[in-house]
1. Applying the selection to the range 17-41, what residues are open to solvent by 70 Å² or more (accessible area, probe 1.4 Å), at pLDDT 95 or above and either under 24 Å from ILE138 (Cβ atoms) or of a type in the set (Val, Ile, Thr) (or both)?
2. Do any helices (runs of 4 or more DSSP H) lying entirely in the range 85-176 carry at least 3 residues that are in contact with a strand residue (DSSP E or B) (Cβ under 8 Å, 6 or more places away or on another chain), under 14 Å from TYR53 (Cα atoms) and in contact (Cβ under 8 Å) with a residue 12 or more places away in the chain, and which ones are they?
3. Among the residues in the range 51-63, are any farther than 23 Å from GLY113 by Cα and either among the acidic types (Asp, Glu) or in contact with a Leu (Cβ under 8 Å, 6 or more places away or on another chain) (or both)?
4. Using beta carbons and a limit of 6 Å, which pairs, at least six apart or on different chains, have the first residue in the range 42-63 and in contact (Cβ under 8 Å) with a residue 40 or more places away in the chain and surrounded by 10 or more Cβ atoms within 10 Å (Cβ to Cβ) and the second one assigned to a strand (DSSP E or B) and aliphatic (A, V, I, L, M)?
5. Restricting attention to the range 64-79, and to residues there that are under 18 Å from LEU96 (Cα atoms) and surrounded by 12 or more Cβ atoms within 10 Å (Cβ to Cβ), which single residue is nearest to the chain's Cα centre (by Cα)?
6. Out of the residues in the range 84-105 meeting the condition of being charged (D, E, K, R) and under 17 Å from GLN163 (Cβ atoms), tell me which one is surrounded by the fewest Cβ atoms within 10 Å (Cβ to Cβ).
Amino acid sequence: MRNAILCAIILLASSFVQHKRILPETLSWDTHFRANPDRKSMYAAVTSTIWQYGYRSTIRGNKLQLDFNFLGGVDVNKSWVKREKIRNNNASKQLLNHEQGHVYINFLLLKKGEYILRNQEYTVKNYKHLVNKTAKEISKFYTDMQETYDVETKHGSDLEAQQKWDAFFESELSQF
C-alpha cells in the first residue's frame, strides 16, 4: 500500500514539472555555413537542411511493430554564405533570421512528420507502401513550404512578409 501511495505522489508531482521546450538549432554564420559559396548564385546565403527517416519492422503472425528513427537538421557542408554581400550588421541579422526560417520549416517537418508517421495505422500488408507514400507527401508539403517562404519573403528582403512568417514560426514552434 505504501508503494502505491508513493507511486501516486511521484506521478502527481511529475505532472507539475515543467517540460523543457524542444527547439531547433539556432544558426550562426561561423558554425552552420561551411561550404564554399556558389559564385554563380544570385543569393547571399543558402541553408541546406536534411530530413531522414528509417524504420525497423517486426512481424509476429498478424501483429506488426514499427520502430522509427528520424534525423533532421542543417547540412553545414552544403550551406554557404557570401559574406562580402552583407552590407552591415543589421543586414547580417536580417539575412540570418531569414535563413533561420528555413531551419524552422525543417524542424516542423521533422517533428510533425515523426508524429504523423508514428501515429498512422498500418497493417502487415500496407505498411511498406504507406510509410513511403506518407513520407513523400510530408516531405513535399514542407519542400513546397520552403519555396513559398522564399517567394513570399523575397528571400528575406520583404520585411513585412518576413514578420508574418516569423509570427507563424513562433506560433508553430510553441507546440514543442
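The values are calculated or read from the model by the stated rules, or taken from the named source; none is laboratory data. Note that the structure is a prediction, hence the values are computed from the model and not measured. Reconstructed Cβ throughout: ideal geometry from the backbone, glycine too, with neighbour counts over all protein chains shown. Calculation scope for accessible area: heavy atoms of the full protein, side chains included, ligands and nucleic acids excluded. Shrake-Rupley method; radii C 1.70, N 1.55, O 1.52, S 1.80 Å.
1. The one that is open to solvent by 70 Å² or more (accessible area, probe 1.4 Å), at pLDDT 95 or above and either under 24 Å from ILE138 (Cβ atoms) or of a type in the set (Val, Ile, Thr) (or both): THR26.
2. The qualifying helices (runs of 4 or more DSSP H) are 89-119, 127-153.
3. For the range 51-63, residues farther than 23 Å from GLY113 by Cα and either among the acidic types (Asp, Glu) or in contact with a Leu (Cβ under 8 Å, 6 or more places away or on another chain) (or both): absent.
4. Note: pairs meeting the criteria are ALA45/VAL81; THR49/VAL74; TYR55/LEU66; SER57/LEU66.
5. By that ranking, first place goes to GLY73.
6. Step one: of the range 84-105, the residues charged (D, E, K, R) are 84-85, 87, 93, 99.
Subsequent filtering for residues that are under 17 Å from GLN163 (Cβ atoms) retains 93, 99.
On the way: LYS93: 11, GLU99: 22.
Here the answer is LYS93.
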